[in-house]
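Chemist: Here it is, the structure in full.
The values are calculated or read from the model by the stated rules, or taken from the named source; none is laboratory data. Remember, it's a predicted structure, so these values are computed and weren't measured experimentally. FYI the Cβ positions are ideal-geometry reconstructions off the backbone, even for glycines, and counts take in every protein chain you see. Each accessible area value is taken on the protein alone, full model and side chains, heavy atoms only, with ligands, DNA and RNA left out. Shrake-Rupley method; radii C 1.70, N 1.55, O 1.52, S 1.80 Å.
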Amino acid sequence: MYRIIVSITLSDSGIDTIKSTPELPKKEMEYVHLWKNEGILESFYISVTKKEAVLIFKDIDEAKCKEMIEILPYFPYMSKIEYLGVDKQF
């Protein structure tokens, strides 16, 4: 079963902007919940510092995954994004 693991790191200035703009986290989570409800987001993890996140997608290809990440409200504040295609073993 093919999965795409997306690892995201926010910039320090991005964290400051997000913290000072309360509507941004709400808008970001709307996408997370939408993708979960659509069945394409399998898991979502956020670090205790809230600077890093890991999302695990299924049933989409990497090109579609990149398009989806680029529409996120946090995208302009992301300093690092890594995509890893994996085959789930169990």
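Chemist: Which of the residues spanning segment 18-55 are open to solvent by 50 Å² or more (accessible area, probe 1.4 Å), touching a residue at least 12 places away in the same chain (Cβ under 8 Å) and under 13 Å from Y77 (Cα atoms)?
Modeler: K50, K51, E52
Chemist: Oh, and also: Taking the stated definitions as given, is I15 under 14 Å from E82 (Cβ atoms), open to solvent by less than 90 Å² (accessible area, probe 1.4 Å) and either in contact with a strand residue (DSSP E or B) (Cβ under 8 Å, 6 or more places away or on another chain) or not in a loop (DSSP other than H, G, I, E, B) (or both)? Let's see the steps before the verdict.
Modeler: Values: under 14 Å from E82 (Cβ atoms): no; open to solvent by less than 90 Å² (accessible area, probe 1.4 Å): yes; either in contact with a strand residue (DSSP E or B) (Cβ under 8 Å, 6 or more places away or on another chain) or not in a loop (DSSP other than H, G, I, E, B) (or both): yes.
No, not satisfied.
Chemist: Checking the structure you have, find out if any residue of segment 50-73 is in a strand (DSSP E or B) and of a type in the set (V, I, T).
Modeler: Taking segment 50-73 as the starting set, the residues that turn out to be in a strand (DSSP E or B) are 52-58.
Restricting the remaining residues to those that are of a type in the set (V, I, T) gives 54, 56.
Within segment 50-73, one or more residues are in a strand (DSSP E or B) and of a type in the set (V, I, T).
Chemist: Run L84 past the list (1) assigned to a loop (DSSP other than H, G, I, E, B); (2) loosely packed, with under 13 Cβ neighbours inside 10 Å; (3) at pLDDT 95 or above; (4) not basic (K, R) and report the number of the one that doesn't hold.
Modeler: (1)
Chemist: Shifting gears a bit: Please find, among T9, T17, the residue that is of a type in the set (V, I, T), in contact with a Ser or Thr (Cβ under 6 Å, 6 or more places away or on another chain) and at negative phi. It would help to see each step written out before you state the result.
Modeler: Details: T17 fails: in contact with a Ser or Thr (Cβ under 6 Å, 6 or more places away or on another chain).
Every option except T9 fails the conditions.
Chemist: Let me ask something additional. On the basis of being assigned to a strand (DSSP E or B), without any contact (Cβ under 8 Å) to a residue 40 or more places away in the chain, hydroxyl-bearing (S, T, Y) and out of contact with any helix residue (DSSP H, G or I) (no Cβ under 6 Å at 6 or more places or on another chain), does S7 make the cut? Don't jump to the end; show me each part of the working.
Modeler: Values: assigned to a strand (DSSP E or B): yes; without any contact (Cβ under 8 Å) to a residue 40 or more places away in the chain: no; hydroxyl-bearing (S, T, Y): yes; out of contact with any helix residue (DSSP H, G or I) (no Cβ under 6 Å at 6 or more places or on another chain): yes.
Here the answer is no, as S7 does not meet what is asked.
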